[in-house]
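The values are calculated or read from the model by the stated rules, or taken from the named source; none is laboratory data. Because the structure is a prediction, the values reported are computed rather than measured. Every residue, glycine among them, receives a Cβ derived from its backbone with ideal geometry; neighbour counts consider all protein chains shown. What goes into the accessible areas is simple: the full protein's heavy atoms, side chains included, and nothing from ligands, DNA or RNA. Shrake-Rupley method; radii C 1.70, N 1.55, O 1.52, S 1.80 Å.
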Amino acid sequence: MALPLREHYDAVVIGGGPAGTTFARLLHRAGFAVLLVERARHPRFSVGESLLPATMPLWQRLGLVERFEKAGFVRKYGAYFCFADGERPEYSHFPNASRWIADHSYEVRRADFDQVLWDAARETGLDARDQTVVEEVVFAGERATGVRLRLSDGSLAHVDARLVADCSGRTTLIGAQRALRDRDPQLHRVALYCHYGDAIRSTGEDAGTIAVVAAPFGWMWLIPFADGGASVGAVLDREWYGQRRRAGADHDAIWSEVLALVPAVARRLRGAPQTRAVEATADFQYRLRALAGDGWVAIGDAGAFLDPVFSSGVHLAMTGAERASDAAARALAGDRQPVARDFARYARESRAQLGVYARFIYAWYDPAFREVFMRPPHGRPGVAWLRREVVSVLAGSLTPTWRVWPAIGTLLWLARRQRRATARAQAASRAQRAQVSRSEPKASEDHRTGERRPSGS
């Protein structure tokens, strides 16, 4: 039975996904009056289906691991990276991380995963309402003071709150309303994605291993599900995608071309039925200029999103929500009105972690970086250490962030060396072709017959 809607809450949380359910549940546990609203009805589709083991301690504290196991989510013990031909895949298994937290995570259909989170939050007695749309976050000057809602029956309601937590994902409700959203100047990508049934999967503990495949247009993912299905997507260079759209290609035609260019993925989908239409998402690379203000805080994708290549979205959302809830509990204590500086540490740590992923993501689109990342010289001094550090990042183990930067710096240095070596090889190849061209006999025309003949004959 639904609780009666109150006129005033300590906090209103916008969005019933990983960030929103985590923040609302923890703040409710701390004894505050919390309203959690979700615009859709669970279960609802979402991408972001590959999770990281660094979130495991939080899941354990929330009693979620048992629920995940009961739901039958396939365990994810690592990832593999390869080029489009699929040759020589480079496996990264989480137990090999230098900063070990857990040996596995999960691959999930987000409709099922988010349903588990939503149900677990509601079972605590939290006032959680789906099919409830936030029409507007209400501000008095620079301070957020509440929200205007459209309820599931279509009626409107105004709710006051000392704190509004924006966990609305890439909708970035407060960021859009306050014009705080900046596009990332280094990333201009479009994502296409769909689902398949009965995809070919790896065996044993690698049955849940995500495939990340580098391609000329960007990269692809293949995420296996427990029922044999798979999430498959491609992140495309925006100009590459735009050329085809301007030529009249629809998403299905572009998807067919993508698969033709990536045999490593196409082979695993041979004969598999497509179970969800191809969808597209553009303009998904952004950051808010501020993650908090007087009376509000933005968490997870509502604060920033760059690229899904390292599967960091759910991890950053849920762990960020936990840190933000700690700050919110202190800020709300004693009937205080939260202000921006109450979330200064949360914002600083969030930006530091995002900065680590951003550096990796920018480098990922450099061919030289891909070469050293996916073709490391195993057996050489220092490479084993470097691989363990990289696996730690892939597992989501980023704290303290200063421990991560030496490995990133080493990879970038190796990429620069690779770039210079490639340039030298290309220059030598051009010089050789020019030398061959100069040494070939030139043809001349016989003025008597009009025929061309080698010079000197």
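Name the long-range amide H neighbours of W219: under 5 Å, sequence gap of 5 or more, or other chain; modelled H, no Pro or chain starts.
Long-range HN contacts for W219: V235.
Check T145: other-chain or 5+ apart residues with amide H under 5 Å from its amide H, H built from backbone geometry?
Result for T145 returns V138, F139, A140.
Specify which residue in the list A54, G86, A363 is farthest towards the positive end of the charge dipole of the chain, using unit charges on the beta carbon of Lys, Arg (+1) and Asp, Glu (-1), about the Cα centre.
It is A363.
Hand me the trypsin sites (Lys or Arg not before Pro) from segment 342-448 located in a DSSP loop with no more than 11 other Cβ atoms within 10 Å, in residue order please.
Details: sites: R345, R348, R351, R359, R370, R387, R388, R403, R416, R417, R419, R420, R424, R430, R433, R438, K442, R448; in loops: K442, R448.
Here the sparse-neighbourhood loop sites are K442, R448.
Under 13 Å from the Cβ of E107, count the other residues' Cβ atoms, weight Lys and Arg +1, Asp and Glu -1, and hand me the total. Walk me through the numbers on the way to the answer.
Numbers: positive: R75, K76, R109, R110, R201; negative: E49, D112, E205, D206, D227.
Overall, the nearby charge balance is 0.
Calculate one ³J(HN,Hα) per residue across segment 138-143 by plugging θ = phi - 60° into the Karplus curve 6.51 cos²θ - 1.76 cosθ + 1.60, and present them in order as whole Hz with x for glycine and proline.
For segment 138-143, the Karplus-derived couplings read 8, 10, 10, x, 8, 9 Hz, x marking Gly and Pro.
Separation between the R424 and W405 pseudo-spin-labels, each 7 Å from Cα along Cα→Cβ, expressed in nm?
Here the answer is 3.0 nm between the modelled labels.
From the residues Y9, T172, G125, which one has its Cα farthest along the dipole of the chain in the positive direction, the dipole being from +1 and -1 charges on Cβ of Lys/Arg and Asp/Glu about the Cα centre?
Going by the Cα projections, it comes out as T172.
Apply the Karplus parameterisation 6.51 cos²θ - 1.76 cosθ + 1.60, with θ equal to phi minus 60°, to every residue of segment 222-227 and state each ³J(HN,Hα) to the nearest whole Hz, in sequence, with x for glycine and proline.
9, 10, x, 9, 5, 8
Report the charge-dipole magnitude of segment 1-57 in Debye, nearest 20, computed about the Cα centre from +1 at each Lys and Arg Cβ and -1 at each Asp and Glu Cβ. Kindly include the intermediate steps, with their values, before the conclusion.
Details: 6 positive and 4 negative charges, 22 e Å.
Result for segment 1-57 is approximately 100 debye, rounded to the nearest 20.
Could you give the dipole magnitude of segment 173-287 about its Cα centre, charging the beta-carbon of Lys and Arg +1 and that of Asp and Glu -1, in debye to the nearest 20? Don't jump to the answer; show the numbers that get you there.
On the way: 14 positive and 13 negative charges, 58 e Å.
Dipole size: approximately 280 debye.
From the phi of every residue in segment 156-165, what ³J(HN,Hα) in whole Hz does the Karplus formula 6.51 cos²θ - 1.76 cosθ + 1.60 yield, where θ is phi - 60° and glycine or proline is x?
Running phi through 6.51 cos²θ - 1.76 cosθ + 1.60 with θ = phi - 60° gives 9, 8, 10, 10, 8, 7, 6, 9, 10, 9 Hz.
Quick one: go through segment 174-199 and flag any residue whose amide nitrogen is under 19 Å from the point 7 Å out along the Cα-to-Cβ line of D252.
Taking a point 7 Å out along Cα→Cβ of D252, the residues of segment 174-199 whose backbone N falls under 19 Å are 192-197.
(1) 59, 51, 47; (2) 67, 66, 41; (3) 103, 49, 46: which one is Cα extents along the principal axes in Å as calculated from this entry?
Among (1) 59, 51, 47; (2) 67, 66, 41; (3) 103, 49, 46, the one calculated here is (3).
Starting from the Cα-Cα distance between R380 and A179, subtract it from 0.36 nm times their residue separation and give me the gain in nm to one decimal.
67.4 nm
Just name one of A317, V339, V278: the one whose Cα is farthest towards the positive end of the charge dipole of segment 266-341 (beta-carbon charges, Lys/Arg +1, Asp/Glu -1).
V278
If you filter segment 27-100 for GluC sites (Glu not before Pro), then keep DSSP loop positions with at most 10 other Cβ within 10 Å, what is left?
Details: sites: E38, E49, E66, E69, E87, E90; in loops: E38, E49, E87.
Answer by residue number: E87.
Around R148, under 10 Å between beta carbons, what's the net of Lys plus Arg minus Asp minus Glu among the other residues? Before the final figure, lay out each step's value.
Numbers: positive: R150; negative: E135, E136.
Neighbourhood net charge equals -1.
When the dipole is taken about the Cα centre of the chain, and only Lys, Arg (+1) and Asp, Glu (-1) are charged at their Cβ, what size is it in debye, to the nearest 20?
Working: 63 positive and 51 negative charges, 372 e Å.
Rounded to the nearest 20 debye, it is 1780 debye.
What is the sum of charges around Y193, taking Lys and Arg as +1, Asp and Glu as -1, for the other residues whose C-beta is under 9 Å from the C-beta of Y193? The partial results should precede the final answer.
Working: positive: R276; negative: E279.
Neighbour charge sum, excluding Y193 itself: 0.
Go through segment 22-60 and name the chymotrypsin sites (Phe, Trp or Tyr not before Pro) that are in a DSSP coil and have 13 or fewer other Cβ atoms within 10 Å of their Cβ.
Details: sites: F23, F32, F45, W59; in loops: F32, F45.
Answer by residue number: F45.
Please compute, over every Cα-Cα pair in segment 17-112, the percentage with a separation greater than 19 angstrom.
Working: 2512 of 4560 pairs.
Counting pairs separated by more than 19 Å, the tail of P(r) holds 55 percent.
Leaving ligands, DNA and RNA out of it, rank L414, L306 by accessible area with a 1.4 Å probe, largest first.
Largest to smallest exposure gives the sequence L414, L306.
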